[in-house]
Amino acid sequence: MTILAILAASALFAGAVPQGGWTWTLYEDGPLVLANEIPDTAQLKAILECQPGAGVARLDLFGPTDAGIATITSGPATASGRSEAAADHQSVALRTDHPVFGQFMVTGVLDVAVGGNHQAVAVPAAHLAKLRRFAELCSG
């Protein structure tokens, strides 16, 4: 029992135990993908995807979908873009050199609002290095 408690505590302090199994994973082969997922399942909350060096990332948010003009906010930075809706997600494009993406890399928090509906993306501090690596590779 004591060994299990020590292992659980050390994993928790290392940031290795994602809440409910959700984690951020960076896939660098092929198009770059940073996914908020439960590994080895089809369950996704958010995906950032780009072609290396393209400078533009597509953000797919799974859940409620809305098409229209999106307001994208992180910290004090704001951008707007076109949100496209699919059956199970909405997509919006973001330039990786835009101040809102820069703030996202610092805060780990991004909000996408279309109409009155908001969807938030949160990258815990333990995974911010993956977000910065994603942006670095996307930007070229």
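The values are calculated or read from the model by the stated rules, or taken from the named source; none is laboratory data. Keep in mind that what you see is a predicted model, and the values were worked out from it rather than measured. Heads up, the Cβs are rebuilt from the backbone with ideal geometry, glycines too, and the neighbour counts pull from every protein chain shown. Each accessible area value is taken on the protein alone, full model and side chains, heavy atoms only, with ligands, DNA and RNA left out. Shrake-Rupley method; radii C 1.70, N 1.55, O 1.52, S 1.80 Å.
Using the structure shown, decide if Thr107 is over 16 Å from Ala46 (Cα atoms) and in contact with a Gly (Cβ under 8 Å, 6 or more places away or on another chain).
Values: over 16 Å from Ala46 (Cα atoms): yes; in contact with a Gly (Cβ under 8 Å, 6 or more places away or on another chain): yes.
So Thr107 fits the description; yes.
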(message) With the requirement that a residue be open to solvent by 20 Å² or more (accessible area, probe 1.4 Å) and either more than 17 Å from the chain's Cα centre (by Cα) or modelled with pLDDT of 95 or more (or both), what does segment 63-80 give you?
(response) Asp66, Ala67, Ile69, Thr71, Thr73, Gly75, Pro76, Thr78, Ser80
(message) Tell me the residue from Leu44, Leu94 that is among the hydrophobic types (A, V, I, L, M, F, W, C) and open to solvent by 40 Å² or more (accessible area, probe 1.4 Å), please.
(response) Leu44
(request) For segment 125-135, indicate whether the set of residues that are buried (at least 17 other Cβ atoms within 10 Å of the Cβ) and more than 23 Å from Ala42 (Cβ to Cβ) is non-empty. (result) yes
(request) Those residues that are β-branched (Val, Ile, Thr) and without any contact (Cβ under 8 Å) to a residue 40 or more places away in the chain, I need them from segment 99-131; list them, please. (result) Val100, Val106, Thr107, Val109
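Ala87 - would you say it is without any contact (Cβ under 8 Å) to a residue 60 or more places away in the chain, open to solvent by 50 Å² or more (accessible area, probe 1.4 Å) and either of a type in the set (S, T, N, Q) or not in a strand (DSSP E or B) (or both)?
Numbers: without any contact (Cβ under 8 Å) to a residue 60 or more places away in the chain: yes; open to solvent by 50 Å² or more (accessible area, probe 1.4 Å): yes; either of a type in the set (S, T, N, Q) or not in a strand (DSSP E or B) (or both): yes.
Yes.
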(message) For the list (1) within 15 Å of the chain's Cα centre (by Cα); (2) under 18 Å from Leu137 (Cα atoms), I need the number of the one condition that Asp97 fails.
(response) (1)
(message) Testing Gly116 on (1) modelled with pLDDT under 95; (2) buried (at least 17 other Cβ atoms within 10 Å of the Cβ), one condition comes back false. Which one is that?
(response) (2)
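Anything in segment 130-140 that is farther than 17 Å from Trp22 by Cα, at pLDDT 95 or above and not basic (Lys, Arg)? List them, or say none. Quick ask: steps written out before the conclusion?
Looking only at segment 130-140, we keep the residues that are farther than 17 Å from Trp22 by Cα, and these are 132-140.
Those still in the list that are at pLDDT 95 or above too: 132-138.
Result: Phe134, Ala135, Glu136, Leu137, Cys138.
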(message) List pairs: first residue in segment 19-42 and under 19 Å from Leu94 (Cα atoms), second residue in a strand (DSSP E or B) and open to solvent by 70 Å² or more (accessible area, probe 1.4 Å) anywhere in the structure, Cβ distance under 9 angstrom, at least six positions apart or on different chains.
(response) Val33/Tyr27; Leu34/Tyr27; Ala35/Tyr27; Ala35/Lys45; Asn36/Lys45
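Restricting attention to segment 23-50, report how many residues are over 12 Å from the mean Cα position of the chain (by Cα) and either of a type outside the set (Asp, Glu) or in a strand (DSSP E or B) (or both). Step through it out loud before you land on a result.
Initially, segment 23-50 is screened for residues over 12 Å from the mean Cα position of the chain (by Cα), giving 27-32, 38-43, 50.
In the following step, the residues that additionally are either of a type outside the set (Asp, Glu) or in a strand (DSSP E or B) (or both) were identified as 27, 30-32, 38-39, 41-43, 50.
Qualifying residue count, segment 23-50: 10.
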